[in-house]
Structure formats: C-alpha cells, structure tokens
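The values are calculated or read from the model by the stated rules, or taken from the named source; none is laboratory data. Because the structure is a prediction, the values reported are computed rather than measured. Here Cβ is always computed from backbone atoms with ideal geometry, including for glycine, and neighbour counts include all displayed protein chains.
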Amino acid sequence: MHVHRYEKWWLLFGGGMLLVFIAVIAVNAFAMGMAPPSHMETIDPAKVDQTPPFDKPGLKKIGDNEYELVMTSFVFAFQPNMVEIPKGAKVHFKVTSKDVVHGFQIAGTNVNVMVVPGHISTVTHTFDTAGTYLILCNEYCGAGHHVMAAQIVVKE
Ligand code: CUA
C-alpha cells in the first residue's frame, strides 16, 4: 500500500503526540501521585464533620482583606452555600468531600479544582471585581449534580 510522504509524517506526529500525552499522565500518576491541588493533606471522608476545620465550615478572616474559606461538598450541595466578601478580598479555599468526587469551579475565574473524598483541595483567588460569583460542581456526582452550586457575593 502506498502512503503519501506527508501522510506518513502526520501519522508519525500523531502517534508521537499520543506517546507524549501518555507519558505526561504516567508521570503525573506514578511519579507525582496524582492528587487534587493541595499540600497532599488527607482526611477521613467519613469523619469530615468531626475534623477541624471542617467541623465548622465557613469564612474566617486571617489578614487584611484576606480570608480562609472552609467548605464541604456533598451530594448535592456546598456548605456554606452563600458567602459575602468585600471587593479585593484574597480568599484561600479549603474544600473537601463527604462522599463522592465533586468539582469546584468558580465561573468567570481560573478557579477549577477536583474535590476528591479523602483529600483536601486548596486554591487561592483574589476577587478584584464586585458581583455575584457562581460556584458549581463540574464533576458528575449523581442525580442532583445539576443543582449543586453555591454563591460568593463580592461587595463594593
Ligand atoms: Cu457534585 Cu456534581
């Protein structure tokens, strides 16, 4: 069978890219212990409600317009599900799951992490623009997945 020279190059290039992607996934999974963004903090998912700081989820002021927001996620909600912060606030999110894998995405920002039971996911974001931000679950977690959401209200 005759294969055109350019066709061969593209086949090689395509095959090569597949190998590169597989290598990236392998390094992530085996060398870096694939996990959600955090300091590799773990938690017993069955005891989230008894484990500090998740026994008291909520907003805590830790500095000058700087906050720590401890959140739990479960089918099919986040706790707390509404938080108010002033404009310019820097928020350190700490999120964990009490049951299955959830997503934690803040629409309109770069915040998008997986929330895996047994792990504590951390992410930081500074809210420079006032408005209402939607936090949504972007990992399919069951029949009520589409209603799993929370809000951050950034006030002037
Ligand atoms: Cu939680 Cu989808």
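Going residue by residue through region 115-130, is there one that turns out to be within 16 Å of the ligand (Cβ to nearest atom), of a type outside the set (Asp, Glu) and without any contact (Cβ under 8 Å) to a residue 40 or more places away in the chain? Taking every residue of region 115-130 in turn, none turns out to be within 16 Å of the ligand (Cβ to nearest atom), of a type outside the set (Asp, Glu) and without any contact (Cβ under 8 Å) to a residue 40 or more places away in the chain.
Residue-wise test of (1) over 16 Å from residue 37 (Cα atoms); (2) crowded, with 16+ Cβ neighbours inside 10 Å.
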site	(1), (2)
51	yes, no
65	yes, no
81	yes, no
87	yes, no
93	no, yes
106	no, yes
131	yes, no
150	yes, yes
156	yes, no
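Residue-by-condition table, conditions (1) exposed (fewer than 10 other Cβ atoms within 10 Å of the Cβ); (2) in contact with an Asp or Glu (Cβ under 8 Å, 6 or more places away or on another chain); (3) within 29 Å of residue 110 (Cβ to Cβ):
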| site | (1), (2), (3) |
| --- | --- |
| 10 | no, no, no |
| 17 | no, no, yes |
| 27 | no, no, yes |
| 59 | no, yes, yes |
| 73 | no, no, yes |
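Evaluated against (1) farther than 24 Å from residue 140 by Cβ; (2) within 17 Å of the chain's Cα centre (by Cα); (3) at pLDDT 95 or above, residue 40 falls short on exactly one condition, (3).
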